[in-house]
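Colleague: What follows is a single structure, and I will ask about it in a moment.
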Amino acid sequence: MSSSSASSSLSPIITTATKALSPILDTFTAVLAKYPPLTKTHTNYGVGVRTAYPASPARDALKKGETPEPYSPVYHVADVVISSAWAPGKPPAQSWADPECNDIEAEVAAQVAAGRKRVMPYGLSLTDLSFNRVNGFPVNPMGLTGITGRGELGLWGPNPAADPIIFRMINTMLCVLLIQRADGTKQWAFPGGMVDPTDPTISATAVRELKEETGFSVEDLSQYSLDPVYNGYVDDARNTDNSWMETNAYAWFLTDDVPSNKIKLSEGGDGEETLAAKWVPVTPDLLEDGRLFASHAAILRGAVGKLIQLAA
Ligand code: RP5
């Protein structure tokens, strides 16, 4: 279904929503205009770093906007990544990572030939990536990070994720369902997660993560769909020169007949991956960079922009 057919069935809801927004529409538009549509380089060197990534003078220099000369990144791979390397017969929960290897294309291709399901975003294959000619590792398309290796990410190259963006009106306010991450950053984020090779589709990943992280599930979300709002790089502090996050963000706009109290975590709750889940009013302030995890504020700006466009 094209976005125009989705929007025609949704237009009464969207019109109601944007009518409620109209007093602050100018402020929204000003925030949206302030930012370029996508982040063009890797910029998230530290905000929300939750882990023991090793100290890296190159990372510190990049963070200050300097060009480190010579460039001496620090190699890092988390223990959990090494112990979660795929092997035949290993339970999927402990078998989600690539191996440490020298010839990534050949070794990962051999695992796939041996029956491993390994996901890449947008139907890309390993051979579509650029590889560093010196060490053979995939090259982060958004630039340097000061860290080589995979850090905390399991896959060499893009690590695909899916993010659900669920909008609804509560008391004439446009709200979005957000979670507070339990990963040490404690930042607010979309209730998204990594694509699991057993997920039938990437939008199914978004729906699965939504349920796991918030308890929220609706039998059939398709009638509320605004279609995908973003596919691409996420400016995530875990990214390295050789491994990075790429997400597929889908937006849904719920009507009032869907109860808003179906989320299981309220502020102060204790989920394994989620400290809290709640409906958060979409204010211009929420759309500013730095307010949400990774580049979720930029993705939310795209979704709100789409909403405004559909209602026009
Ligand atoms: C972000 O990390 C993605 O946008 C997604 O929200 C999230 C997936 O990582 P985990 O939540 O599984 O750590 O880059």
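Colleague: Could we say that T255 is of a type in the set (S, T, N, Q), more than 11 Å from the ligand (Cβ to nearest atom), within 30 Å of C101 (Cβ to Cβ) and not in a helix (DSSP H, G or I) here?
Modeller: Details: of a type in the set (S, T, N, Q): yes; more than 11 Å from the ligand (Cβ to nearest atom): yes; within 30 Å of C101 (Cβ to Cβ): no; not in a helix (DSSP H, G or I): yes.
The answer is no for T255.
Colleague: Would you check if I104 is of a type outside the set (S, T, Y) and free of Cβ contacts under 8 Å to residues at least 24 places away in the same chain? Reasoning before the result, please.
Modeller: Values: of a type outside the set (S, T, Y): yes; free of Cβ contacts under 8 Å to residues at least 24 places away in the same chain: no.
Here the answer is no, as I104 does not meet what is asked.
Colleague: List the number of the failed condition for G302; all other conditions in (1) over 17 Å from the mean Cα position of the chain (by Cα); (2) within 26 Å of Y122 (Cα to Cα) hold.
Modeller: G302 satisfies every listed condition except (1).
Colleague: Consider D285 against the criteria (1) surrounded by fewer than 20 Cβ atoms within 10 Å (Cβ to Cβ); (2) among the charged types (D, E, K, R); (3) closer than 14 Å to P191 by Cβ: it satisfies all of them except one. Which criterion is unmet?
Modeller: Condition (3) is where D285 drops out.
Colleague: Got at least one residue in the range 68-85 being aromatic (F, W, Y) and within 16 Å of D196 (Cβ to Cβ)? Don't jump to the end; show me each part of the working.
Modeller: Kept after step one, since they are aromatic (F, W, Y), are these residues of the range 68-85: 71, 75.
Right, trim to within 16 Å of D196 (Cβ to Cβ) and you get none.
No, every residue in the range 68-85 fails to be aromatic (F, W, Y) and within 16 Å of D196 (Cβ to Cβ).
Colleague: Could you say which residue among A297, A277 is within 19 Å of A182 (Cα to Cα), over 15 Å from the mean Cα position of the chain (by Cα) and surrounded by 15 or more Cβ atoms within 10 Å (Cβ to Cβ)?
Modeller: Numbers: A297 fails: over 15 Å from the mean Cα position of the chain (by Cα).
Just one listed residue meets the conditions, A277.
Colleague: Considering only the range 80-99, state which residues are in a loop (DSSP other than H, G, I, E, B) and out of contact with any Gly (no Cβ under 8 Å at 6 or more places or on another chain). Break it down stepwise before answering.
Modeller: At the first step, the residues of the range 80-99 found to be in a loop (DSSP other than H, G, I, E, B) are 84, 86-91, 95-96, 98-99.
If the condition is that a residue be in a loop (DSSP other than H, G, I, E, B) and out of contact with any Gly (no Cβ under 8 Å at 6 or more places or on another chain), then W86, A87, G89, K90, P91, S95, P99 are the ones that fit.
Colleague: Would you check which residues across the range 63-81 are surrounded by 11 or more Cβ atoms within 10 Å (Cβ to Cβ) and of a type in the set (D, E, K, R) and list them?
Modeller: Selection gives K63 alone.
Colleague: Also, I was wondering about something else. Determine whether P197 is within 16 Å of the ligand (Cβ to nearest atom), in a loop (DSSP other than H, G, I, E, B), surrounded by fewer than 16 Cβ atoms within 10 Å (Cβ to Cβ) and modelled with pLDDT of 85 or more. Break it down into steps so the answer makes sense when it comes.
Modeller: Values: within 16 Å of the ligand (Cβ to nearest atom): yes; in a loop (DSSP other than H, G, I, E, B): yes; surrounded by fewer than 16 Cβ atoms within 10 Å (Cβ to Cβ): yes; modelled with pLDDT of 85 or more: yes.
Yes; evaluated as a whole, the condition is true for this residue.
Colleague: For the list (1) at pLDDT 80 or above; (2) part of a loop (DSSP other than H, G, I, E, B); (3) under 19 Å from A162 (Cα atoms), I need the number of the one condition that Y250 fails.
Modeller: (2)
To keep it simple, each residue is scored yes or no on (1) touching a His at 6+ places or on another chain (Cβ under 6 Å); (2) loosely packed, with under 15 Cβ neighbours inside 10 Å.
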site	(1), (2)
D98	no, no
G115	no, yes
D128	no, yes
R133	no, yes
M142	yes, no
T145	yes, no
R150	no, no
L153	no, no
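Colleague: Within the range 161-187, work out how many residues are assigned to a strand (DSSP E or B) and either more than 15 Å from the ligand (Cβ to nearest atom) or surrounded by fewer than 20 Cβ atoms within 10 Å (Cβ to Cβ) (or both). I'd like the intermediate steps shown before the answer.
Modeller: Of the range 161-187, the ones assigned to a strand (DSSP E or B) are 161-170, 173-181.
Narrowing the set further to residues that are either more than 15 Å from the ligand (Cβ to nearest atom) or surrounded by fewer than 20 Cβ atoms within 10 Å (Cβ to Cβ) (or both) leaves 167-170, 173-175.
Adding up the residues that qualify gives 7.
Colleague: How many of the residues in the range 225-242 are assigned to a loop (DSSP other than H, G, I, E, B) and within 12 Å of the ligand (Cβ to nearest atom)?
Modeller: Start the filter on the range 225-242 by keeping residues that are assigned to a loop (DSSP other than H, G, I, E, B), which leaves 235-242.
Imposing the further condition that a residue be within 12 Å of the ligand (Cβ to nearest atom) reduces the set to 235-239.
Qualifying residue count, the range 225-242: 5.
Colleague: Check off (1) assigned to a strand (DSSP E or B); (2) among the β-branched types (V, I, T); (3) within 12 Å of the ligand (Cβ to nearest atom) for T205 and give me the number that stays unchecked.
Modeller: For T205, the failing item is (1).
Colleague: Can you pull out every residue in the range 43-60 that is surrounded by fewer than 18 Cβ atoms within 10 Å (Cβ to Cβ) and at pLDDT 90 or above?
Modeller: If the condition is that a residue be surrounded by fewer than 18 Cβ atoms within 10 Å (Cβ to Cβ) and at pLDDT 90 or above, then P54, A55, P57, D60 are the ones that fit.
Colleague: Also, I was wondering about something else. Test S84 against the stated conditions and say whether it is touching a residue at least 12 places away in the same chain (Cβ under 8 Å), among the polar types (S, T, N, Q) and buried (at least 16 other Cβ atoms within 10 Å of the Cβ).
Modeller: On the way: touching a residue at least 12 places away in the same chain (Cβ under 8 Å): yes; among the polar types (S, T, N, Q): yes; buried (at least 16 other Cβ atoms within 10 Å of the Cβ): yes.
Answer is yes for this residue.
Colleague: Further question on the same structure: Among the residues of the range 290-300, write down those that are within 18 Å of L32 (Cβ to Cβ) and at pLDDT 90 or above. If you could, list the steps in order and put the result at the bottom.
Modeller: At the first step, the residues of the range 290-300 found to be within 18 Å of L32 (Cβ to Cβ) are 290-292, 295-300.
R291, L292, S295, H296, A297, A298, I299, L300, listed by residue number.
The values are calculated or read from the model by the stated rules, or taken from the named source; none is laboratory data. Computed from a predicted structure; not experimentally measured. FYI the Cβ positions are ideal-geometry reconstructions off the backbone, even for glycines, and counts take in every protein chain you see.
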